[in-house]
Amino acid sequence: MVQRDRFNRVGDSSGENAKAGSPQPTQEGVYAAGRIAEAQGSIGAEDVPPAPQLTGKAATQERILVAATELFLARGYENTTIAQVAERAEVSRATVFWHFSDKESLFRECFNRICEPFRVSLARDFSALPPEKRLEQQVELYQTFVAEHRANVDGFLLWAMEHTQFRAWLTRTLLDLHQRFGGALTESIAEIAPPQHDPHAIAMGILTMLDGGLLLSYFDKSSRATEQRRTSVKAVLALIPRRLPGAP
């Protein structure tokens, strides 16, 4: 069996073995949620751990993912080669194949990397916040993610939808995120609304409104329209029935 260090040209000097085609999770998403929350004022800067410097195989893999993402967005899936990714990441082709079994796996992982901050943010513990504030933060999380990652998500959606081998996987990935976010909204609303109101139905209404705003933004990207959509969502949140003080 060929030893791994014969493949590597740059990075990954730790000597640890890694399974080919099984990428290690990057650390970008772990700290993105904290940065978003800090910007929104929900937690202080002292509560956000600084992102550690990646080293060894994690640094090599991150460099490959960054390079591949840039190329996929600029050139598309078909016109991007592993050789181009390797050159841009300053590693050998063999190193790319060591971390990712093929180009399709690399493409999928690049999209997962873009979505990771949203996944990690959904997993954050908002239980210390009052339910009304928690709901506002969750809605802001959706809007912030869309604003910060719009170009990347749009690019990957375009190329993925044009290739049938990605369509089913892409649908599952997005619907899973959608379902998890809807569940988080439902839990918050269940603590706000009286028991005779269906928190899931209210959550789906809010989520549909957010999705509709995202769709409309493709046709009207003006800052005025964006602010109007945000204001409308806030108005709907304010209309959610509240439990009476002391009510179960």
Sorted by packing (mean other beta-carbon atoms within 10 Å per residue), highest first, where do 156-168, 230-242 land? 156-168, 230-242
Cα-based shape type of segment 142-197, given that a ≥ b ≥ c are square roots of the gyration tensor eigenvalues and the cut on a/c is 1.5: oblate
Cβ charges +1 (Lys, Arg) and -1 (Asp, Glu), total dipole of segment 109-248, debye: 180
Run the simple label-point estimate for Asp211 and Gln84 please: 7 Å along Cα→C-beta, distance reported in nm. 3.3
Per residue, the convex hull volume that the Cα atoms of segment 125-242 enclose (Å³): 111
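Sorted by average packing, counted as other Cβ atoms within 10 angstrom per residue and highest first, what order do 120-133, 215-228, 57-70 take?
57-70, 120-133, 215-228
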Under the rule rounded for a/c under 1.5, else prolate if a/b exceeds b/c, else oblate, using alpha carbon gyration tensor axes a ≥ b ≥ c, segment 67-156 is classed as prolate
Using a basic spin-label model with each label point 7 Å from the Cα along Cα→Cβ, how many nm lie between Leu175 and Glu70? 3.6
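Every number here is computed from the coordinates shown, using simple stated rules; none is lab data. Small disclaimer: the values here were computed from a predicted structure and weren't measured. Note that each Cβ is placed from the backbone with ideal geometry, even for glycine, and that neighbours are counted across all protein chains shown.
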